[in-house]
Structure formats: structure tokens, C-alpha cells
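Student: Just dropping this structure here.
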Amino acid sequence: MSSLALYRGIYTEERFQQAYGAPKLDPEDSSLAGVLKGKLSRSCRCSRAAALHLLRSRFPIASWLPRYQAKKWLLGDLVAGLTVGIVHIPQGMAFALLTSVAPIYGLYTSFFPALLYMLFGTGRHVSTGTFAVVSLMTGSVVEHLVPEAMQPNSSTSADMALLEGQRIGVAAVMAFLVGLLMVSMFVLHLGFLSTYLSEPVIKAFTSGAALHVVVSQVQSLLGLPIPRPDGCFAIFKTLASVVEALPLTNIAELLISGLCLAVLVPIKEINNRYRSRMWVPIPGEIILVLLATGICFASSLNANYKVQIVGHLPAGFPQPQLPALHLLPQVLGDTVAITFVAYAISVSLAMIYAEKHHYAIDPNQELLAHGLSNLVSSLFTCFPSSATLATTNILESAGGHTQLSGLFTSAVVLVVLIWIGPLFYYLPKAVLACINVTSLRQMFLQFQDLPELWRTSRIDFAVWVVTWLAVVVLSVDLGLAVGVVFSMMTVVCRTQRVKCSVLGRAADTEIYKPCFEIPGVKILSYQAPIYYGNRSFFHDAVSQCVGLDRELQQPKEVPNLDIRMKMDISTVDGSVSVLDKKQCPGTAVRAVVLDCSGVSFVDSAGARLLIQLCTECQQAGVQMHLAACNANVLQTLSFCGLMHHLPPQHIFVTVHDAASYLQQTMESVEQKDPTIWV
């Protein structure tokens with residue numbers, strides 16, 4: 001058995017700093033003015049190396065493109081980019097319908113973000129463009145501000161064009177505001193805010209939002225002319241409207257939807273099950289789009305059976321123009337929620353694949369990348385975009401290596417926009433609805449994580465269920481807010497109800513665990529910050545452990561120890577310590593040691609509570625000691641005046657130092673150079 005031997009003096013914090021010169025925190029440096037001054041001074045330094053570092057950090061392409069290994073990576077990036085581009089075409093048009101705008105705007109949103117993320121993004125395997133959850137949240141706002149006419153058949157083509165213009169105007173200004181918020185967050189270094197969206201919240205939110213997407217597409221699958229409700233209980237309102245309008249079902253569109261689902265679902269399953277054996281996944285969506293367009297054109301389904309079709313897709317790009325900024329106040333609240341969702345999903349996907357392929361991303365730079373993507377895209381009548389779950393999966397599985405794959409993805413969409421787009425005139429909208437539904441397969445599979453989540457953490461399971469129910473029952477944005485608040489409340493409650501453990505020393509060691517207690521000494525371990533939210537719980541726990549809540553017998557006066565006496569600790573395997581005596585039932589508590597190693601911070605309320613505990617212990621004849629405090633805790637306690645009630649000789653570097661000091665004090669060993677053998 002290996003042994004450990006130590007021989008050193010007992011260290012209080014004061015003595016340790018005198019011996020080793022541990023730096024103390026300067027109050028000026030920790031003040032807001034000091035922090036701002038330091039940041040400004042560092043940011044204003046200019047040198048060639050600093051300028052080069054700034055260029056590479058803000059334009060990541062300047063970092064990875066010169067080191068690009070064409071022979072090793074080009075083929076994989078080419079195949080992955082082309083594959084993702086082919087998927088973007090039907091998916092972009094489908095998610096445009098989910099946003100309640102014309103399908104052509106989905107193609108625009110699939111082109112610009114992919115190109116811009118290649119320049120500014122740090123995720124090598126991230127595919128950006130249209131995403132179902134973001135499109136659904138945007139579509140809800142569009143439907144609310146620009147509702148569809150109750151009788152669309154009576155509307156003229158001019159009315160429909162005006163309606164489409166107003167709707168894309170709302171969606172474009174939302175994209176502009178999303179980009180503006182993200183860029184502002186980048187400037188303020190607020191990338192850390194995405195951490196408040198925990199993994200259970202994100203998974204439950206996307207699963208609940210996926211159900212909203214499926215229900216919203218039922219009307220397109222059945223060809224029912226019903227409006228999309230918004231607000232709370234939207235799912236139940238939609239289902240009620242569908243049940244009432246079932247006699248109006250278009251049989252032709254129902255058959256088209258059934259056939260498309262019968263084709264797409266097996267293809268999705270084959271792609272997922274045999275992904276490792278396939279060079280590229282089967283492009284089921286684009287094949288189905290081409291077949292459905294050809295069949296509808298040949299049989300005139302739109303004229304003979306009133307099948308809704310996509311209609312005219314103009315070739316080329318729209319003229320860049322500034323969005324309708326007068327709509328910003330009306331969309332501000334909903335856009336903030338969309339911004340956080342889009343960023344959280346994008347960063348989560350980037351971090352997952354960065355960890356898998358052993359590279360790092362910059363969360364704050366991701367804010368700039370997605371912010372600029374949305375800002376620039378909004379000038380070309382695009383709706384909000386983010387990283388997409390399905391195409392990111394395809395990009396990685398198809399062998400993509402770097403952001404260059406985004407260039408090939410944009411090239412495919414560009415070809416469609418310039419030459420092939422008008423050929424999709426006869427594409428049935430029911431096909432796009434089927435693509436929407438089947439693209440959500442991975443989100444529904446997240447229910448499989450629930451049994452494992454129940455076994456690992458019941459609290460995370462509760463967060464998942466509460467968030468999902470809130471999203472489904474209330475609405476997408478309100479459900480997200482409920483999930484975030486509930487998740488944060490679980491953290492607060494866990495810091496409030498932390499158990500105060502009584503530690504003892506394992507025999508023949510300097511290890512302290514909840515085992516045998518030291519006679520007359522209570523070593524209390526509290527693994528949480530001490531702040532206004534848990535101060536009463538902490539006080540009750542300490543009082544119960546020490547016995548301050550009942551009248552204590554006054555112990556005999558404890559002799560003071562000469563602090564100039566040299567005391568040494570030696571630990572040798574096999575020796576016996578006077579501290580290893582078993583606790584006698586009638587031994588009164590004479591000293592308390594608070595192990596602060598788990599106390600990350602103390603606020604002013606917590607510091608005042610510790611002063612109160614010191615006073616109560618002194619009145620009860622109990623000495624109070626602190627051990628293993630970090631520098632910030634010590635500084636806060638010092639500023640709040642704890643040192644007037646607790647002498648510096650009672651604050652120790654480690655718990656073992658405090659216990660050894662108390663052992664020698666209470667045993668009153670009359671030796672000039674006492675030594676403790678463990």
C-alpha cells in the first residue's frame with residue numbers, strides 16, 4: 001500500500017499569505033470602473049500580431065482557408081455540399097409555407113445564410129438555412145399581423161400579391177431584428193446567455209414545437225381552407241377546426257399526401273439505418289418534388305381537382321431593399337424569443353459536432369455569423385434563419401470537413417434560383433407539407449431519451465415534461481419562457497435546500513468524510529453558495545447541527561493558544577491520532593469548523609448571517625472557525641465586517657489545519673513543539 005507523509009506547520013490564511021505571498025484581491029481592480037478600465041486598455045492596444053489575431057477571429061475563413069488540404073478534404077466537401085444543396089431546395093420551399101410566405105422566399109433563405117456562414121462561422125459541420133421551429137414561430141407572427149382573407153377564392157391576383165408582399169415584409173423585418181439583436185449581443189459579449197437554455201429545455205421545446213408543425217400542416221395535407229390560429233391552445237383550436245371542416249377534404253390532395261408519406265417515411269428510415277454504408281443519402285425529397293411536379297403538370301391536377309400548387313417562382317434575385325422598419329415595435333417581443341431559440345439551437349449543433357471531431361468553436365463569434373446572415377438576408381426579403389438539424393446531420397454524414405461545403409450548397413440553390421425555379425410552378429403544396437412532416441423525425445425521436453433521463457436525473461425529467469407540456473398546451477414562445485423559468489427555479493431550489501453535512505476524519509488519514517465525528521468539534525460542510533435565497537435554510541441547518549436552537553450548557557473556558565507556538569503536522573501510515581477517539585454521547589460542542597470549500601460565493605446577506613452565527617456561537621460558548629475559503633469569499637466577508645467578530649487566527653487554509661489546531665488547543669498539550677502523528 002502506498003503511503004503519504006507530510007510535515008508542515010498549521011496554516012491560517014494570514015500565516016499562509018505571509019509565508020508564500022499569496023496576492024490579495026485589490027478592491028479597485030474588482031470594481032466596475034476597474035474592470036472597464038482594464039478591458040478598454042487591453043482593447044486599445046494595437047500591434048501587427050493583435051491586428052492579425054483580430055482578423056482571424058472575426059473572419060475565420062482567413063484562418064482555415066490558407067491551411068485547407070484540397071487533396072484530403074475537397075471531395076468530401078463537394079459531395080456533402082451538393083447533397084445538402086439538393087435537400088435545401090424542397091425543404092426551403094416547404095418551410096416557406098410554414099412561415100406563411102411564398103415558396104420562393106424559402107429558396108432565398110437557403111442561399112444567403114449558407115454563403116455568409118462560410119465566411120464568418122466557426123462550425124465546420126454546420127448547415128444554415130430554414131429551420132422548422134424558427135419558421136413556425138415566424139409564421140405565427142406573420143399570420144397574426146397579416147391574416148389571410150376568409151374567402152381566398154374570391155380574392156384577385158392583385159389582392160394575393162399585396163397579401164404576399166405584406167407577409168414577407170413582416171418576415172423580413174423579423175429577420176432584420178434577429179440579426180440586429182445577435183450582432184448587439186456579440187458586441188456586448190452575451191454569448192453566455194444561451195447557457196440558460198439547458199439541454200432538457202431545448203429538446204422538449206423542439207419536440208413540442210414539432211407537434212405544432214405537424215398539426216399546422218394537417219390543413220395542407222387534407223386541402224382544407226381553414227385559417228391558422230395563434231396564441232394559447234393553438235393546437236386544440238386547429239384540431240377542432242379540422243374536425244369541423246373534414247367534409248370539405250380534397251380527396252385528390254389527401255391521396256397525394258398519403259402517397260408522398262408512404263414514399264418519404266421508408267426513405268428516411270433507410271437513410272438513417274444504413275447511413276454508414278451509403279456514400280450519400282437517398283435524396284427522396286427532390287425526387288418526389290420532380291415526380292409530383294411532372295405528374296401534376298401532365299394531368300392538370302390543379303385545374304381538374306383543385307389541387308393547390310406552388311405557382312410562379314420568379315427567376316433571379318430580388319432587388320435589395322431595407323425592410324419595413326416601422327413594424328419593429330410590433331414584432332419586438334416575439335423576435336427576442338426567436339433570437340434566443342435560433343442561437344441556442346445553432347450553438348448546440350455546432351458544439352455537438354465540434355466535440356465529436358475534436359475542434360473548438362467560438363460561441364460569441366457564432367453570434368456575429370448568424371447575426372450578419374440574418375441582417376444581410378433581410379435585405380433580400382428573407383425570413384429568419386438558423387442552423388438546421390436535418391441538413392447539418394446530412395452534411396456531417398456525407399463527409400463534409402470544412403465550411404467550404406457551404407459554397408457548394410449555395411451554388412446548387414443558385415442554379416435553381418436562376419434557371420430551374422420556374423419549372424416548379426405545378427408542384428403541389430401537399431408535397432411540401434409532407435416534406436415538413438417527415439423532416440421532423442429526429443425531433444420526435446427525442447422522446448426515447450426520457451427513460452434514461454428519468455434514471456439519471458428526476459429534476460431534468462421534470463424540466464423536460466413541464467417544458468413540453470407548456471409548449472404544446474400554451475404556445476411555442478410562452479412554453480419556452482415557462483421552460484426556462486422552471487429550469488432556473490430548479491437550480492435555485494437545489495441551492496436553497498442543500499444539506500449541511502457533519503464531517504469526521506477517517507482513521508489514520510487527513511481525509512474528512514461523514515463518518516466518525518471528532519469529540520467536541522463539529523465540522524460542517526455546505527456545498528452551495530450562501531446568499532439571500534438560502535440564508536434562512538443555512539441558519540436552520542447550522543443551528544440544528546451545532547445545537548444553537550436549544551439552550552446549551554456553558555462549557556468551561558477554553559484556554560487560548562499561543563499563536564506564536566510552532567505546531568507541525570506529520571502523517572505517517574500506521575500511526576494513531578488523538579483525534580480518532582470515538583464521539584462520546586455526552587460531549588458538548590466546544591468548536592465549530594465551517595468547511596467553505598463548496599461555497600462558491602457569499603453575498604452581503606450571507607455575510608451578515610455568518611456574523612450572526614459567530615455572535616450566537618460566542619453566546620453559547622462555542623468557538624467558530626472557517627476553513628478553505630476562496631479569495632472572493634474572504635474579501636466579501638472582510639468588507640462586511642466579519643473580522644470584527646472572528647479573529648484571523650480562526651480562519652484556516654484547510655479543514656485539517658483547523659481540526660489539528662482545535663485538537664491541540666482542547667487537549668492542552670504542554671509541549672514546546674507539539675507534533676501530531678496520523
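Student: Once amide H atoms are built 1.01 Å from N in the peptide plane, which residues 5 or more positions from Gln623, or in another chain, come under 5 Å H to H?
Tutor: Residues meeting the amide H criterion: Ala591, Val592.
Student: Further question on the same structure: Could you run the Karplus curve 6.51 cos²θ - 1.76 cosθ + 1.60 with θ = phi - 60° over segment 109-126 and give me ³J(HN,Hα) per residue in whole Hz, x for Gly and Pro?
Tutor: 5, 7, 8, 5, x, 5, 6, 6, 5, 4, 7, 10, x, 10, x, 6, 10, 9
Student: Would you please state the base-10 log of I(q)/I(0) at q = 0.12, 0.25, 0.26 1/Å for segment 71-142, with intensities from the Debye formula using one equal scatterer on every alpha carbon?
Tutor: Scattering profile of segment 71-142, log10 relative to I(0): -0.35, -1.11, -1.16.
Student: Please return the longest range in the chain lying between exposed loop sites, taking GluC sites (Glu not before Pro), DSSP loop only, at most 10 other beta-carbon atoms within 10 Å, and leaving the sites out.
Tutor: Numbers: sites that count: Glu551, Glu557, Glu670.
In the chain, the maximal stretch lacking such sites is 1-550.
Student: Would you mind checking which residues have amide H under 5 Å from Leu427's amide H? H placed 1.01 Å from N; only 5 or more apart, or other chain.
Tutor: Amide H to amide H, under 5 Å and 5 or more residues apart or across chains, Leu427 pairs with Val310, Gly311.
Student: Same structure again: DSSP loop chymotrypsin sites (Phe, Trp or Tyr not before Pro) in segment 253-325 with at most 14 other Cβ atoms within 10 Å of their Cβ, which ones? Let's see the in-between values first.
Tutor: Numbers: sites: Tyr274, Trp279, Phe297, Tyr305; in loops: Tyr274, Trp279, Tyr305.
Here the chymotrypsin sites (Phe, Trp or Tyr not before Pro) that fit, given the DSSP loop and packing criteria, are Tyr274, Trp279.
Student: Working out 0.36 nm times the residue gap between Phe317 and Arg8, then minus their Cα-Cα distance, what length gain in nm do you get to one decimal?
Tutor: Details: separation 309, 0.36 × 309 = 111.24 nm, distance 7.67 nm.
Working it through step by step, the gained length comes to 103.6 nm.
Student: Still on this structure: So if R0 is 41 Å, what FRET efficiency would Ala631 and Gln442 give, r being the distance between their Cβ atoms, rounded to the nearest 0.05? Intermediate values should be presented prior to the final figure.
Tutor: Details: r = 46 Å, r/R0 = 1.12.
Taking R0 as 41 Å, the efficiency between Ala631 and Gln442 is 0.35.
Student: Ordered by residue, what ³J(HN,Hα) values in Hz, to whole numbers, does segment 462-470 give under the Karplus form 6.51 cos²θ - 1.76 cosθ + 1.60, where θ = phi - 60° and Gly and Pro are x?
Tutor: 5, 4, 4, 5, 5, 5, 5, 5, 5
Student: For the chain, what is the relative contact order in percent, using Cα pairs closer than 8 Å and at least 6 residues apart in sequence?
Tutor: On the way: 1122 pairs, mean separation 151.6, N = 678.
Here the relative contact order equals 22 percent.
Student: Output wanted: per-residue J couplings in Hz (rounded whole) for segment 415-427, from phi through Karplus 6.51 cos²θ - 1.76 cosθ + 1.60, θ = phi - 60°, x for Gly and Pro.
Tutor: Working through the residues one at a time gives 4, 5, 5, 8, 10, 8, x, x, 6, 8, 4, 8, 5 Hz.
Student: Given 25 °C and 0.890 mPa s, how large is the Stokes-Einstein diffusion coefficient of segment 397-478 in µm²/s, with Rh as the Kirkwood radius over Cα pairs? Please report the intermediate quantities before stating the final value.
Tutor: Values: Rh = 17.2 Å.
Translational diffusion coefficient: 143 µm²/s.
Student: Another question, then. Expressed in nm to one decimal, what extension gain is obtained for the pair Thr615 and Leu74 from 0.36 nm per residue of sequence separation less their Cα-Cα distance? Mind dumping the intermediate values first?
Tutor: On the way: separation 541, 0.36 × 541 = 194.76 nm, distance 7.18 nm.
Extra length from Thr615 to Leu74 when fully extended: 187.6 nm.
Student: Oh, and also: Using only DSSP helix segments of four residues or longer, with each worth -39500 (n - 2.57), what per-residue ellipticity at 222 nm results for the chain after dividing by its residue count and rounding to 500? Show your work: numbers first, answer last.
Tutor: Values: 28 runs with 382 residues, N = 678.
The per-residue figure over the chain is -18000 deg cm²/dmol.
Student: Just need log10 I(q)/I(0) for segment 384-445 at q = 0.15, 0.25, 0.26 Å⁻¹, Debye formula, equal scatterers on the alpha-carbon atoms, no solvent, rounded to two decimals.
Tutor: -0.68, -1.17, -1.16
Student: Amide H to amide H under 5 Å from Ser386: which residues, 5+ apart in sequence or cross-chain, H placed 1.01 Å off N in plane?
Tutor: Here Gly129, Phe131 satisfy the definition.
Student: Further, regarding this structure: If the viscosity is 1.002 mPa s and the temperature 20 °C, what Stokes-Einstein diffusion coefficient in µm²/s follows for the chain when Rh is the Kirkwood radius over Cα pairs? Mind showing how you got there, number by number?
Tutor: Values: Rh = 29.5 Å.
D = 73 µm²/s.
Bear in mind that the values in this text are calculations on the coordinates, not laboratory data. This is a predicted model, so every value here is computed, not measured. Counting neighbours? That spans all protein chains shown, and the Cβs are built from the backbone with ideal geometry, glycine included.
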